[in-house]
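Everything on this sheet refers to the single structure shown next.
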Amino acid sequence: MASWSDFAAAEPMLAAGIRALLQQYGPGMGYLATIRPDGGPRVHPVSPVFTDDGLYCFIVDSPKRRDLDRDGRYALHSYPPEDNDDEACLTGHATPVHDPLTVTRLAGALHASPDVDWRLYELTIETAMLRHHGPAGALPLAASPFVPAYAQTWRAPSKLRPTLAVAS
């Protein structure tokens, strides 16, 4: 896994495109997928927070937060733009932030209410994808001329990804 800042340093154009889609309406907005206890997906809207140091998300007490505490794997997908079907997706691991300076700084900057039971998570990046569908969108039924979709992808170098132990 890589921090947002490590990913952005390795792939600045891809990171800028993903960030632009996740912040297209001003503050960060996206769909966060987590893994329910039965293994199924759970998807909810969230407001990811970009800083120079990382990518963060405040999560209130909820089934989604319990999912992350049990199994930190996540997928974060952008909202669809109004004028095209471009999309961005990140996958990785969400980890609770325990550093009081980071929590206090971000909570203050974003006016996170102390009256709400929230927890700050850092979202590390394993994979990143930005897909451009062109002016006709994802379903070019009447497009002329047809412009094929293309995707930019990135995967954290293996030295940054955890290895899975296989039981024999």
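The values are calculated or read from the model by the stated rules, or taken from the named source; none is laboratory data. Worth saying up front: this structure is predicted, and the values here are computed from it rather than measured. Backbone-built Cβ (ideal geometry, glycine too); neighbour counts: all protein chains shown. Areas reflect the complete protein model, heavy atoms only, side chains present, ligands, DNA and RNA absent. Shrake-Rupley method; radii C 1.70, N 1.55, O 1.52, S 1.80 Å.
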What does the accessible area per residue of the chain come to in Å², with a 1.4 Å probe and no ligands, DNA or RNA counted? 57 Å²
If you roll a 1.4 Å probe over the chain with all protein chains in place, what percent of the accessible area is carbon or sulfur? 58 percent
Kirkwood hydrodynamic radius of the range 29-81 from all distinct Cα pairs, in Å? 11.6 Å
Unit charges on C-beta of K, R, D, E only; dipole of the chain, Debye: 400 debye
MRE, 222 nm, helices only [DSSP H, n ≥ 4, -39500 (n - 2.57), over the chain, to nearest 500]: -6000 deg cm²/dmol
Would you kindly state how much longer the chain becomes between ARG70 and ARG42 on full extension, computed as 0.36 nm times their sequence separation minus their alpha carbon distance, in nm to one decimal? 8.7 nm
Farthest positive-ward along the range 25-68 dipole, Cα basis, beta-carbon charges - from SER47, PRO37, PHE58: PRO37
Roughly speaking, what is the stretch gain from THR95 to THR51, that is 0.36 nm per residue apart minus the C-alpha to C-alpha distance, in nm to one decimal? 14.2 nm
Which order, highest average first, do 127-133, 106-112, 20-26, 44-50 follow once you tally other Cβ atoms within 10 Å for each residue and take the mean per peptide? 127-133, 44-50, 20-26, 106-112
Have a look at the chain and give its Rg and Dmax from the Cα atoms, expressed in angstrom. 17.1, 56
